[in-house]
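The values are calculated or read from the model by the stated rules, or taken from the named source; none is laboratory data. These figures come from a predicted structure and were not determined experimentally. Glycine also receives a Cβ, built like all others from the backbone with ideal geometry; neighbour counts cover every protein chain displayed.
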Amino acid sequence: MGGNGFNGILIVDKPAGMSSAQVVAFVKNKLKARKVGHSGTLDLFATGVLLCCINDATKLSRFFLHDKKKYHAILELGLETDTQDSTGTIISTCDMVDFTDQAIREVFARYVGKIEQIPPSYSALKHRGVPLYKHARRGNIIKKPARQVHIYNLNVCKIDLPLIHFEVSCSGGTYIRTLGSDIGRQLGCGACLKDLRRLASSGFSIENALTLPELEECVSSGKTLDHIISMSDSLPNMPAAEADDELRKKIRHGVILKQKELNLTSTDHPGGFIKVLNKNHELIAVLSHDLKKNELTYCCVFEK
């Protein structure tokens, strides 16, 4: 079944060596969708959970960008590259990597909580509208200011020097390459990522992801819809309100709404978002609460 007739989220297991944009193009072609977008770029060498937003669901991608992510990574000590991963050019090496397990775990522990992180020069962040990695490939290294990210959990799973296997749960916008590089510098030997796999994003797990061959099989067998998450179900943690016919009419015409019209109090969603559903549990709008004006503004509307 083609993607022209449905909207929702598809969880894809991105393969290594394929860009996030290439995965999106593949999905769009296979589903014959009008539009497909992703939420949260994965590096070329990385694998794992990539959220693909189909058709109208592309309007929801902004709500997933800053949600919690979980990764499994392999860090190689004694090797630094310009990209902070194994695909880059080696810029330094160190043979002194015979650290005790305790010393390694103590350094890892320093990075739990809110930390400052300088985004890598080889990244999709933009400078004057151009991604940093394009500047870097031209020899123009752009350094962005440090920004705060949150490391919720950081667990060393296996130490087999010079390799360290670890898992990390973090806020959106965290660069695991940079985290690994910073840990290597703290140890004094340098390091780069050898492997990176995203296990979860915005509450969606790798266990529910389709590989690209599996997606092709689903399309061929007509089972694509079995794997599409509806727009309403894709925002499980967002407060919901059910709209009657009168409210649906107001939303359709863009009438400014007050919180009392949704039977919600300010404590339900202080400064946050609200999803509005119809009687069939279909998403018809996402609203933002303006505390100062005590009004609800429209983020996106799907009611027609």
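Brief remarks on what is shown
- Residue list for segment 151-177, restricted to those being crowded, with 18+ Cβ neighbours inside 10 Å and in contact with a Ser or Thr (Cβ under 9 Å, 6 or more places away or on another chain): 151, 154, 168, 175, 177
- Whichever residue in segment 234-255 is touching a residue at least 40 places away in the same chain (Cβ under 8 Å) and more than 13 Å from residue 303 (Cα to Cα) and, among such residues, is surrounded by the fewest Cβ atoms within 10 Å (Cβ to Cβ): 238
- Restricting attention to segment 159-197, the residues being in contact with a helix residue (DSSP H, G or I) (Cβ under 6 Å, 6 or more places away or on another chain) and of a type in the set (Lys, Arg) number 0.
Results for (1) farther than 30 Å from residue 187 by Cα; (2) assigned by TED's automatic domain parsing to the domain that holds residue 218; (3) hydroxyl-bearing (Ser, Thr, Tyr), shown as yes or no for each residue.
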| residue | (1), (2), (3) |
| --- | --- |
| 16 | no, yes, no |
| 28 | yes, yes, no |
| 33 | yes, yes, no |
| 56 | yes, yes, no |
| 74 | no, no, no |
| 94 | no, no, no |
| 102 | no, no, no |
| 115 | no, no, no |
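- Residue in segment 20-51 that is nearest to residue 203 (Cα to Cα), counting only those that are assigned to a loop (DSSP other than H, G, I, E, B) and within 14 Å of the chain's Cα centre (by Cα): 40
- As a summary of the residue check, residue 251 satisfies the conditions (1) under 28 Å from the mean Cα position of the chain (by Cα); (2) among the aliphatic types (A, V, I, L, M); (3) at pLDDT 90 or above; (4) farther than 30 Å from residue 108 by Cβ except for the one numbered (1).
- Yes/no for residue 193 being crowded, with 19+ Cβ neighbours inside 10 Å and assigned by TED's automatic domain parsing to the domain that holds residue 112: yes
- Scanning segment 196-218 for residues that are over 17 Å from the mean Cα position of the chain (by Cα) and surrounded by fewer than 18 Cβ atoms within 10 Å (Cβ to Cβ) turns up 211, 212, 213, 214, 216, 217.
- Pairs with Cβ under 8 Å, 6+ apart, first in segment 95-106 and more than 11 Å from residue 161 (Cα to Cα) and among the β-branched types (Val, Ile, Thr), second part of a loop (DSSP other than H, G, I, E, B) and at pLDDT 95 or above: none
- Checked against (1) modelled with pLDDT under 85; (2) out of contact with any strand residue (DSSP E or B) (no Cβ under 7 Å at 6 or more places or on another chain); (3) crowded, with 17+ Cβ neighbours inside 10 Å, residue 264 meets all criteria but (2).
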